[in-house]
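Colleague: If you scroll down you'll find the structure; I have some questions about it.
The values are calculated or read from the model by the stated rules, or taken from the named source; none is laboratory data. What you are looking at is a predicted structure, and each value in this text was computed from that prediction instead of being measured. Glycine gets a Cβ as well: all are built from the backbone with ideal geometry, and neighbour counts include every protein chain shown. Accessible surface is based on the protein model in full, side chains and every heavy atom, while ligands, DNA and RNA are left aside. Shrake-Rupley method; radii C 1.70, N 1.55, O 1.52, S 1.80 Å.
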Amino acid sequence: MKVSNDLINNNVPAVGQVKGNDCVSFFLAENADIKILFLGNSITRHGKAEQLGWFGDWGMAASCKENDYVHKLISKIGRQGKKVSYCTANLSEWERTRNMRLLTSRYLQAYLFNADIIIVRLGENAELTKFLKEFELCYRKMVEYFSGNGAKVVLSDLFWEYEPFDCFVKDFAKEKSYGFVQLHDLGCMENMKATGKFKHAGVAAHPGDIGMENIAERIYRAILICCLTSYPIEKAGF
């Protein structure tokens, strides 16, 4: 069983990554061609945390908002002449607690966003070595809940490798005909992390600008494959 040391030693708290009801945020483009929902954790968005030496409000540990994987991906799609409305939801509290009631309360606005494509890129905060089977069951239900409108789904495995869960996500994607993105190999490469950029080891273990670019590129390729299939993705015109 392959387990990343960064997963075991991750000391960026899963609590308070964003403040209060700010866990769901939106960018609404006028006359958007497509709507994308990002379900993630600190790699998707982490608010300011001075105690960690983190002063951004975007994907930890990108150098600026434009360089995190969410905004890199939106930029790639935009260069194809497509307008994108997008929503980011930091599900770290749900990862930690597996409390399904949070999906219909704290994260309700992400559900009501009614996305065309859903990117699910999370799991690092789930204490998988203790709660693997419980989390897998909750993960299935969570994905099916958010995609209940028929949205296309792209799943990724972990940035910090944990082989049992990574294999589960890959198999789940195949079973449901979802898109799948492998990321765990990136987390094994120091040049993909923000090593040396931050004093806090947990922050520095997050993907830096190069890692974020690679995450965005891999998800973009998966979206292109999804867009070869049926409505509602065809309307995006990729």
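Colleague: Counting only C-alpha contacts under 8 Å and six or more residues apart, can you give the relative contact order of the chain as a whole percent? Each step should come with its number before you reach the end.
Modeller: Numbers: 455 pairs, mean separation 59.1, N = 238.
Over the chain, the number comes to 25 percent.
Colleague: Another one. Please give the charge dipole size of the stretch 24-147, origin at the Cα centre, charges +1 on K and R Cβ atoms and -1 on D and E Cβ atoms. Round to the nearest 20 debye.
Modeller: Working: 18 positive and 14 negative charges, 33 e Å.
In debye, rounded to 20, the stretch 24-147 gives about 160.
Colleague: Modelling each spin label as a point 7 Å along the Cα-to-Cβ direction, I'd like the Leu108/Glu190 distance in nm, to one decimal.
Modeller: Distance between the two pseudo-spin positions: 4.9 nm.
Colleague: Another one. Given Cα positions, please report Rg to Rh for the chain, the hydrodynamic radius being the Kirkwood one. Provide the component values of the computation, followed by the final result.
Modeller: Numbers: Rg = 16.4 Å, Rh = 17.6 Å.
Here Rg/Rh amounts to 0.93.
Colleague: Out of all DSSP beta bridges with both ends in the chain, state the antiparallel percent to the nearest 5. Can you show the working numbers first?
Modeller: Numbers: 8 of 27 bridges.
For the chain, the DSSP antiparallel bridge percentage is about 30.
Colleague: Within 14 Å, Cβ to Cβ, of Lys176, how many net charges do the neighbouring residues add up to if Lys/Arg are +1 and Asp/Glu are -1?
Modeller: +1
Colleague: Then there is this: Name the most mobile residue of Asp22, Asp166, Asp68, meaning the one with the largest mean-square fluctuation, in a Gaussian network model of the chain with Cα contacts below 10 Å.
Modeller: Answer for the Gaussian network model of the chain: Asp22.
Colleague: Okay, moving on. Ala205: net charge of surrounding residues, Cβ under 14 Å, Lys/Arg +1, Asp/Glu -1, itself excluded?
Modeller: Values: positive: Lys193, Lys197, Lys199; negative: Asp6, Glu124, Glu161, Glu190.
Cβ neighbours under 14 Å give a net charge of -1.
Colleague: Quote the relative contact order of the stretch 1-142 in percent (integer), defining contacts as alpha-carbon pairs under 8 Å separated by 6+ residues. Write down the numbers at each step before the final one.
Modeller: Values: 220 pairs, mean separation 45.0, N = 142.
Normalised by residue count, the contact order of the stretch 1-142 is 32 percent.
Colleague: Over the chain, with the other protein chains present, what is the accessible area per residue in square angstrom, probe 1.4 angstrom?
Modeller: Details: 10770 Å² over 238 residues.
Ligands and nucleic acids excluded, the figure is 45 Å² per residue.
Colleague: How much mean residue ellipticity at 222 nm does the chain get from its helices, if each DSSP H run of length 4 or more adds -39500 (n - 2.57) and you divide by all residues, to the nearest 500 deg cm²/dmol?
Modeller: Helices in the chain give a 222 nm mean residue ellipticity of -10000 deg cm²/dmol.
Colleague: Looking only at Ala205, Ala151, Ala49, which one moves most when the chain is put into a Gaussian network model with springs between Cα atoms under 10 Å?
Modeller: Ala49
Colleague: State the answer as a single residue: which of Ser4, Ser105, Trp54 lies farthest towards the positive end of the charge dipole of the chain, with beta carbon charges of +1 for Lys and Arg and -1 for Asp and Glu, about the Cα centre.
Modeller: Of the candidates, Ser105 comes out farthest on the positive side.
Colleague: For the stretch 135-188, what is the relative contact order in percent, using Cα pairs closer than 8 Å and at least 6 residues apart in sequence? Working shown, then result.
Modeller: Numbers: 55 pairs, mean separation 21.0, N = 54.
Once divided by the residue count of the stretch 135-188, the mean separation gives 39 percent.
Colleague: While we're here: Stretched out fully, how many nm does the piece from Arg101 to Glu134 gain, at 0.36 nm a residue minus the Cα gap? Spell out each step's value before the answer.
Modeller: Working: separation 33, 0.36 × 33 = 11.88 nm, distance 1.52 nm.
So the extension gain works out to 10.4 nm.
Colleague: Now, a different point. Can you pick out the pairs among Lys48/Lys76; Lys2/Lys170; Lys2/Lys130; Lys19/Lys152; Lys48/Lys83 whose Cα atoms lie more than 21 Å from each other? Each step should come with its number before you reach the end.
Modeller: On the way: Lys48/Lys76 26 Å; Lys2/Lys170 15 Å; Lys2/Lys130 15 Å; Lys19/Lys152 29 Å; Lys48/Lys83 28 Å.
As for pairs spanning more than 21 Å Cα to Cα, those are Lys48/Lys76; Lys19/Lys152; Lys48/Lys83.
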